[in-house]
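To start, the structure itself, in structure tokens.
The values are calculated or read from the model by the stated rules, or taken from the named source; none is laboratory data. Values in this document were obtained by computation on a predicted structure and should not be read as measured data. Here the Cβ is made from the backbone with ideal geometry for all residues, glycine too, and neighbour counts use every protein chain on show. To get the accessible areas, we keep the full protein, side chains included, count just its heavy atoms, and leave off ligands, DNA and RNA. Shrake-Rupley method; radii C 1.70, N 1.55, O 1.52, S 1.80 Å.
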Amino acid sequence: MTERTCLSIVLAAGEGTRMKSAKPKVLHEVAGLSMLGHVLRAVAAAGGTAAAVVVGPGREDVAAEARRLVPDASVHVQSERLGTAHAVLHAEEVLARGYDDVIVAFGDTPLVTAETFARLRTGLAEGAAVVALGFEAADPFGYGRLVVEGGSLLAIVEEREASEEERAITLCNGGLMALSGAYAVEILKWIGNANAKGEYYLTDAVAIARNMGLRAAFVTAAEEDVHGVNDRVQLAAAEAIMQVRLREAAMRAGVTMAAPETVFLAFDTAFGRDVMLEPHIVVGTGVTVEDEVTIRAYSHLAGCHIAKGATVGPFARIRPKSRIGEGVHIGNFVEVNRTSMGARAEANHLAYLGDATVGAGTNIGAGTITCNFDGADKNPTVIGRDVFVGSNSTLVAPLTIGDEVLVAAGSTITQDVVDGALAFGRPRQAALPGRGAEKIRSNKVRRAERKAREAAAKA
Ligand code: UD1
Ligand code: CA
């Protein structure tokens, strides 16, 4: 099948008014990727050689997203929304280049899998001119029905045109369809709009192919695979299904999750083996995690790399462009932002590391803050290897601290420190003999006098 060429046409001209959004529907995200992106990835994974995206007028944002994901995708503007077949024909010039297989997908159906597209293509390879995607609908209302006789597909009838008998059919049209490239344009051009909606229905391709003496077939998928998104409730349902898939894939690849339903992953999260995820973790896009990493409860990660054997959290935040080295310990209430931590470095409690480079084996004490922002610019802090930064230190960037430096607790460090130095950045301690006890005792006396006055006033 790999030798067969394949054009995918993704329909994304929907207005999505029910999303109540300034953003077009297909750009809303599921697991950190636009719905359009999910569809384009699935068709590419099913061996798509070219992609065409049909967008509504003025939808430069949708066109840009399509090109971001598939740089050579062609974009076609459907100015009038006259139906699914009408939309597909906007890619006629691309169709005319001649592909073996043509897949039509909907941009608002983000859960279709590459495996489903591959099965649609197999139907074409086996000689069908049209292959529809059916599913058993819990509630068939509103869907096109697959009229099947003796295992072969006769027609797809839309809800509005369906007879009483046809409405009783529960095998519904998932919407997506595969067409033989050799006949696609001819079939599509035969489709008319003499129906209740006055639309050019892609689904009519089935009956037309049969009238041309060609064969129509269907494959089936689970209802959740063809889940369409029209509003934000359906968007949340799509997210939930996607999260289940991502968690299961991670667990099958060697990740342990004590409470998978509380772990949220992104479409591109990559895990090694023997990774341990405690409950309540949110992972944004662009995260890679190597073997034997433990991420503890209530941590938030995005755009970062966590190397082998590191421990992160609980309650840690690792922000984009951060690299956590091998065996590093990031503890509770530590925020790491655009920062690289060398092997075995530690920041175990309450710290902010921004725009920093921390050397191997360095210990960052509790309460340490890199002052990376001066109100106008972000500045770097470079800390060498085997450094000990005492608790509650304030490191004012730009700053370079050498190797094996000891920064005294409570220091404010504003100037570079050379290798091996002990750096103090705090007032010297003073102790006045006897003055503490004197003060404490006089306080006790004054407090007793005040209470006596208050009691007398009440009496
Ligand atoms: C379609 C199918 C129906 C199927 C259902 C599954 C047709 C005629 N009907 O119905 O059999 O059960 O999907 O959800 O295909 N679009 C355009 N331009 C248009 C019209 C539609 O780009 O002119 C896009 C929409 O943005 C959407 C998709 O095509 O992504 C489907 O269109 P929609 O109007 O939602 O079709 P349904 O009535 O749901
Ligand atoms: Ca629809």
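General remarks:
- Inter-part distance where segment 132-189 and segment 212-271 are each reduced to a Cα centre, Å: 23 Å
- Positive-end residue, segment 232-423 charge dipole about Cα centroid, Cβ charges, pick of 233, 332, 322: 233
- Amide N of segment 38-55 lying under 20 Å from the label point, which is placed 7 angstrom from the Cα of residue 241 along Cα→Cβ: 38-46
- Unit charges at the beta carbon, dipole of the chain: most positive-side option, 5, 77, 309: 309
- Only protein atoms count toward the accessible area here, which uses a 1.4 Å probe; on the chain, the carbon and sulfur part of that area reaches 52 percent.
- Summed over qualifying helices (DSSP H, 4 residues or more, each -39500 (n - 2.57)) and divided by its residue number, the chain shows a 222 nm mean residue ellipticity of -7000 deg cm²/dmol.
- Crossing angle, helix 232-252 versus the chain [Cα axis fit, 0-90 degrees, rounded to tens]: 70 degrees
- Note on residue 439: lysines with a C-alpha under 24 Å away, same-chain residues under 8 apart excluded, are 451.
- For segment 6-226, the solvent-accessible area works out to 41 Å² per residue, with a probe of 1.4 Å and every protein chain left in place.
- Using θ = phi - 60° in the Karplus curve 6.51 cos²θ - 1.76 cosθ + 1.60, the 3J(HN,Hα) couplings for segment 192-205 round to x, 10, 7, 8, 4, 8, x, 10, 8, 8, 4, 4, 5, 4 Hz; x is entered for Gly and Pro.
- The alpha-carbon of residue 189 sits under 16 angstrom from the alpha-carbons of these aspartates and glutamates, leaving out residues fewer than 8 places away in its chain: 92, 93, 199, 204.
- Rounded tilt (10° steps) of 114-125 against the dominant C-alpha axis of the chain: 20 degrees
- Sum of side-chain charges, residue 12 neighbourhood, beta-carbon under 13 Å (Lys, Arg +1; Asp, Glu -1): 0
- Here, P(r) means the percent of Cα pairs in each 10 Å bin from 0 to the largest distance; for the chain it is 4, 17, 20, 16, 13, 11, 8, 5, 3, 2, 0.
- Partner lysines for residue 321 [C-alpha distance under 21 Å; skip if fewer than 8 residues away on the same chain]: 308, 378
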